[in-house]
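**Student:** Let me begin by handing over the structure; questions about it come next.
The values are calculated or read from the model by the stated rules, or taken from the named source; none is laboratory data. Quick caveat, the model's predicted, so the values are computed rather than measured. Virtual Cβ from ideal backbone geometry, glycine too; neighbours counted across all protein chains shown.
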Amino acid sequence: MDFELNEEQRMFRDMVRKWVVKECPKEWCRELERREHEYPQELWDKIVEAGFNGIGIPEEYGGLGGDIVTQVIFMREFARHAAGLGWIWGITSFSGAKSVGFYGSEEQKQRFLPEMAAGRLRTAISFTEPGGGTDLLTAMKATAKKADGGWVINGEKIWSTTADTAEYLLLIARTNKDVKKRTEGISLFLVPSDSKGIATTPLPKLGMRALSSCSITLDDVFVPDDLMLGEEGQAWYHATKTLNNERIMMSSMCLGMIDGVLEDAVDYMKIRQAFGGPIGRFQALQHYVADIAMWQKQTELMLFNAASLQAEGKPCMTEAAMTKTIASEYACQAADLGISILGGMGYSAETDMQRYWRDARLLKIGPVSNEMARNMIAESLGLPRSY
Ligand SMILES: Cc1cc2nc3c(=O)[nH]c(=O)nc-3n(C[C@H](O)[C@H](O)[C@H](O)COP(=O)(O)OP(=O)(O)OC[C@H]3O[C@@H](n4cnc5c(N)ncnc54)[C@H](O)[C@@H]3O)c2cc1C
């Protein structure tokens, strides 16, 4: 049993850490995040220049190779400074590229993966609809009807993050209503975001304000046959292959934020003075950081366990759901205590605690809510399905 990164992974982590410190200082990320609906192109350009888009994409398709553990290491280090802006790298890397990699045809892999690896092609995920994200199958109204040479999509999507800047939308729509189970008859498309009939509207939100989450209307949008990903009608079954990936990657973003909170809290406790000395000598505050350090360790162990199982192709649905739940709750609790430790400065837009706090909060809601994740964990204990 080995709980350590191997030498190659440690070298990769150290290289990413150095890059993050040099190229993405926290104060710079803070300024970028507050630019509401203004895509942080500068940040994207730096990622592209460093070649990090290739992480997790096989070398034969122009990527750098590496498994989910490598992706986790990158996301953790990146989110330590970037917090929720980590999505800028993540959405294409662990959703778009993984979807094409898992169930795209050889022709689609050749066509899309090198472009993604080079940072020339970005995807947004367009699954959630206004009627609901948790019970997506019931809420889903988007349809794709067969036409000559392709499909015509109509419907609405909501909360699609970066849909206004990505080149393609990874979108699900019902292609067959006449099915025995609601999980059948749904298909996945890579929809060019500049297609005729698409309108996107950025929505105001609490965190990651620079990365727009959008509502989308699709009005008779034509998508050619070769942009359907995977088998027709099987999207729900295909998607389950990437869900663990997404949950594990979200957990690594949470762990990066816990790292960021902890280092800022300890630094501040060493310099801030009260009652004749640094506030770091107060036991109440020491207990706060001790708690955060314990949450960090627990999250790290669970995360790398789940990521290793996923990398080895072993079942890990419950481990991924547990990790995502714990990681998001600890990240929120850590940022909340971080604000208390910094006092008024914790609430100030001039420090990062408020940014970690706002960005971490989303991850208790999505991509799967923690209530739903708990349902799945309970089900794995042999209890009846509650939904
Ligand atoms: C900022 C942001 C970015 C997002 N980005 C994307 C994106 O890029 N692409 C995308 O497709 N989606 C995205 N989402 C959508 C996200 O995945 C959904 O918000 C999430 O799945 C929850 O769906 P909902 O908001 O419709 O809540 P609802 O489904 O309406 O749930 C409301 C509440 O009911 C609870 N609930 C529902 N069913 C059960 C049950 N059976 N048992 C217990 N509790 C239950 C939920 O846990 C929640 O607390 C984003 C959302 C936000 C806020």
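**Student:** Residues of the range 218-247 being within 16 Å of the ligand (Cβ to nearest atom), in a helix (DSSP H, G or I) and hydrophobic (A, V, I, L, M, F, W, C), which ones? I'd like the intermediate steps shown before the answer.
**Tutor:** To start, the set of residues in the range 218-247 that are within 16 Å of the ligand (Cβ to nearest atom) comprises 218, 229, 235-236, 238-240, 242-247.
Applying the additional criterion that residues be in a helix (DSSP H, G or I) yields 235-236, 238-240, 242-247.
Of everything in the range 218-247, those that are within 16 Å of the ligand (Cβ to nearest atom), in a helix (DSSP H, G or I) and hydrophobic (A, V, I, L, M, F, W, C) turn out to be 235, 236, 239, 243.
**Student:** Another question, then. State the number of residues belonging to the range 111-124 that are crowded, with 21+ Cβ neighbours inside 10 Å and either free of Cβ contacts under 8 Å to residues at least 12 places away in the same chain or among the polar types (S, T, N, Q) (or both).
**Tutor:** Counting residues in the range 111-124 that are crowded, with 21+ Cβ neighbours inside 10 Å and either free of Cβ contacts under 8 Å to residues at least 12 places away in the same chain or among the polar types (S, T, N, Q) (or both) gives 1.
**Student:** Same structure, new question: When you look at residue 181, is it loosely packed, with under 14 Cβ neighbours inside 10 Å and modelled with pLDDT under 95, yes or no?
**Tutor:** Answer is yes for this residue.
**Student:** Still on this structure, I have one more. Just to verify a result, which residue in the range 135-161, among those that are buried (at least 16 other Cβ atoms within 10 Å of the Cβ) and among the β-branched types (Val, Ile, Thr), is nearest to the ligand (Cβ to nearest atom)?
**Tutor:** 161
**Student:** Can you tell me which residues in the range 35-79 are among the basic types (Lys, Arg) and either modelled with pLDDT under 95 or in a helix (DSSP H, G or I) (or both)?
**Tutor:** 46, 76
**Student:** Just to be sure before I move on: is residue 372 in a helix (DSSP H, G or I) and more than 30 Å from residue 27 (Cβ to Cβ) in the structure I sent?
**Tutor:** yes
**Student:** Something else about it: For residues that are within 17 Å of the chain's Cα centre (by Cα) and either buried (at least 23 other Cβ atoms within 10 Å of the Cβ) or within 16 Å of residue 310 (Cβ to Cβ) (or both), tally how many sit in the range 48-80.
**Tutor:** Counting residues in the range 48-80 that are within 17 Å of the chain's Cα centre (by Cα) and either buried (at least 23 other Cβ atoms within 10 Å of the Cβ) or within 16 Å of residue 310 (Cβ to Cβ) (or both) gives 19.
**Student:** Return the residues of the range 362-387 that are within 6 Å of the ligand (Cβ to nearest atom), touching a residue at least 40 places away in the same chain (Cβ under 8 Å) and surrounded by 14 or more Cβ atoms within 10 Å (Cβ to Cβ); say none if nothing qualifies.
**Tutor:** Once the filter is applied, which keeps residues that are within 6 Å of the ligand (Cβ to nearest atom), touching a residue at least 40 places away in the same chain (Cβ under 8 Å) and surrounded by 14 or more Cβ atoms within 10 Å (Cβ to Cβ), the range 362-387 yields 362, 366, 367, 369, 372.
Table: residues versus (1) on the phi < 0 side of the Ramachandran plot; (2) among the polar types (S, T, N, Q); (3) touching a residue at least 60 places away in the same chain (Cβ under 8 Å).
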residue: 94; (1), (2), (3): yes, no, yes
residue: 109; (1), (2), (3): yes, no, no
residue: 126; (1), (2), (3): yes, yes, yes
residue: 129; (1), (2), (3): yes, no, no
residue: 136; (1), (2), (3): yes, no, no
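**Student:** Sticking with this structure for a sec: For the range 344-387, give me each residue that is aliphatic (A, V, I, L, M) and within 16 Å of residue 333 (Cβ to Cβ).
**Tutor:** 353, 360, 362, 363, 365
**Student:** Determine, yes or no, whether residue 341 is in contact (Cβ under 8 Å) with a residue 40 or more places away in the chain, surrounded by 19 or more Cβ atoms within 10 Å (Cβ to Cβ) and farther than 30 Å from residue 70 by Cβ.
**Tutor:** Considered against the rule, which asks whether it is in contact (Cβ under 8 Å) with a residue 40 or more places away in the chain, surrounded by 19 or more Cβ atoms within 10 Å (Cβ to Cβ) and farther than 30 Å from residue 70 by Cβ, residue 341 comes out as yes.
**Student:** If you scan the range 101-134, which residues turn out to be closer than 14 Å to residue 243 by Cα, among the β-branched types (Val, Ile, Thr) and either away from the ligand (no atom under 16 Å from the Cβ) or not in a loop (DSSP other than H, G, I, E, B) (or both)?
**Tutor:** The one that is closer than 14 Å to residue 243 by Cα, among the β-branched types (Val, Ile, Thr) and either away from the ligand (no atom under 16 Å from the Cβ) or not in a loop (DSSP other than H, G, I, E, B) (or both): 125.
**Student:** Tell me which residues, restricted to the range 162-189, are assigned to a strand (DSSP E or B) and either hydrophobic (A, V, I, L, M, F, W, C) or within 12 Å of the ligand (Cβ to nearest atom) (or both). Break it down into steps so the answer makes sense when it comes.
**Tutor:** The first filter runs over the range 162-189 and keeps only residues assigned to a strand (DSSP E or B), leaving 168-174, 186-189.
Within the range 162-189, 169, 170, 171, 172, 173, 186, 188, 189 qualify.
**Student:** Can you find even one residue in the range 310-330 that is within 19 Å of the chain's Cα centre (by Cα) and not in a helix (DSSP H, G or I)?
**Tutor:** Looking for residues that are within 19 Å of the chain's Cα centre (by Cα) and not in a helix (DSSP H, G or I), one finds at least one in the range 310-330, hence yes.
**Student:** Name every residue in the range 251-278 that is in contact (Cβ under 8 Å) with a residue 24 or more places away in the chain and among the aromatic types (Phe, Trp, Tyr), in order of residue number.
**Tutor:** 268
**Student:** OK, next. Can you find, within the range 203-217, the residue that is nearest to the ligand (Cβ to nearest atom) among those that are in a strand (DSSP E or B) and surrounded by fewer than 17 Cβ atoms within 10 Å (Cβ to Cβ)?
**Tutor:** Of everything passing the filter in the range 203-217, 203 is nearest to the ligand (Cβ to nearest atom).
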